[in-house]
Structures are given as C-alpha cells and as structure tokens.
Amino acid sequence: MTNPNCPHCGAAFTGLICDYCGALAGMTSTPAEQRRALEELHKLIANSPREKQVLLIKNGYLPDETASLIDAGIKCVSLMDDDEVKADRTDAAARRLDAVVIKLRLRPPDSEITRALQLFQERLEKNNKAKFWYGFMGFAVFGILALAIIFLVWFIFRR
Ligand SMILES: [Zn+2]
C-alpha cells in the first residue's frame, strides 16, 4: 500500500494523524488505535508553534471512544487560559471542548461521563463569563471614549 495523503488537507503524513493539520489520516478501528491517534495529536500540539497549535486544535482529530474523548477534553481544559479569553488558542480549545461535551452527552451516562461533563461544563461557563467581562470592559472603554469626544466637541463648539 502506498502512503496516501491526508484526506483533509492533502499533506503527506507519517503516523495516524496528519502532521500538518491534525486531522485523522490513518485508520482507527480499535480503542487502542484511537488512543494512539489522540496521543499523536497531543504531542504534535505540544511541539508546534502557537499559530499552528490553533490550527491543530481547530481541525484536530476527536476520538469516539469514551475514555479517549474525556482525555481530549482534559487536554482542552489545560489549553484554556482565562487571562487570554480572546486569544485564538483559548477560543479554539473552548470550541473543541464544546464538541467533546456534545459527543459525551449523546452517550448513556455513567459516573465517569457525568463527572467529566460537570468539569467540562463548569470550565466552559467560566470561559464564557471571562469572555463576557472582556467584551463588557471593551464596551465600557469605548463608551467612555465616545462620551469624552462628545464632550470635547461640545466644549469647542459651544459658542
Ligand atoms: Zn492534513
């Protein structure tokens, strides 16, 4: 069998995961293979420069097997940072975590899934709140500036 190219971006790949975009390029029919593919992706993320990390998080392979899926979620949590809610990487990780939550919700719940869902949802809520405050502060600064300009214009042209 010749080595095919990544079905997602067309780049050549060596393992189960495309080195360029993080999509699944090989076959993962068993839970062990899914786990290996996820580990490859996480390693690739850790060894990539930041802009590429964002791309990898966005397109990265998401496993189906429950334990691997939970691991993927935990990795997302570790990639999120409240001090940079508007940064691409936190945003991409939050979206990926959202996808993990959706996938987990479709499973019949057991104690492990319930615990993971609780953790992930709390983290996403915290991120949304931080994002809200960031947006609100931006809006407040803009409002104050606008008022200052209006006042200045009024002050200059009042006669
Ligand atoms: Zn690719």
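Data for the structure
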read-out: Search result, residues across region 46-68 that are buried (at least 17 other Cβ atoms within 10 Å of the Cβ), among the hydroxyl-bearing types (Ser, Thr, Tyr) and within 16 Å of the ligand (Cβ to nearest atom); value: 61
read-out: Looking only at region 70-92, and only at residues there that are assigned to a helix (DSSP H, G or I) and among the hydrophobic types (A, V, I, L, M, F, W, C), the one that is surrounded by the most Cβ atoms within 10 Å (Cβ to Cβ); value: 76
read-out: Residue selected from region 8-19 under the condition within 11 Å of the ligand (Cβ to nearest atom) and at pLDDT 85 or above, by the criterion surrounded by the fewest Cβ atoms within 10 Å (Cβ to Cβ); value: 10
read-out: Flag for residue 99 being within 18 Å of residue 81 (Cβ to Cβ), within 18 Å of the chain's Cα centre (by Cα) and surrounded by 13 or more Cβ atoms within 10 Å (Cβ to Cβ); value: no
read-out: Looking only at region 102-140, and only at residues there that are part of a helix (DSSP H, G or I) and among the basic types (Lys, Arg), the one that is nearest to the chain's Cα centre (by Cα); value: 123
read-out: Filtered residues of region 20-38 (kept if crowded, with 16+ Cβ neighbours inside 10 Å and assigned to a helix (DSSP H, G or I)); value: 33, 34, 35, 36, 37, 38
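Listed here are the residues, each with its yes/no results for (1) in contact (Cβ under 8 Å) with a residue 12 or more places away in the chain; (2) aliphatic (A, V, I, L, M).
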{"position": "44", "(1), (2)": "yes, yes"}
{"position": "56", "(1), (2)": "yes, yes"}
{"position": "63", "(1), (2)": "yes, no"}
{"position": "71", "(1), (2)": "yes, no"}
{"position": "78", "(1), (2)": "no, no"}
{"position": "81", "(1), (2)": "no, no"}
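The values are calculated or read from the model by the stated rules, or taken from the named source; none is laboratory data. Just so we're clear, the structure is a prediction, and the values are computed from it rather than from any experiment. Neighbour counts are summed over all protein chains in view; Cβ atoms, including those assigned to glycine, are modelled from backbone coordinates with ideal geometry.
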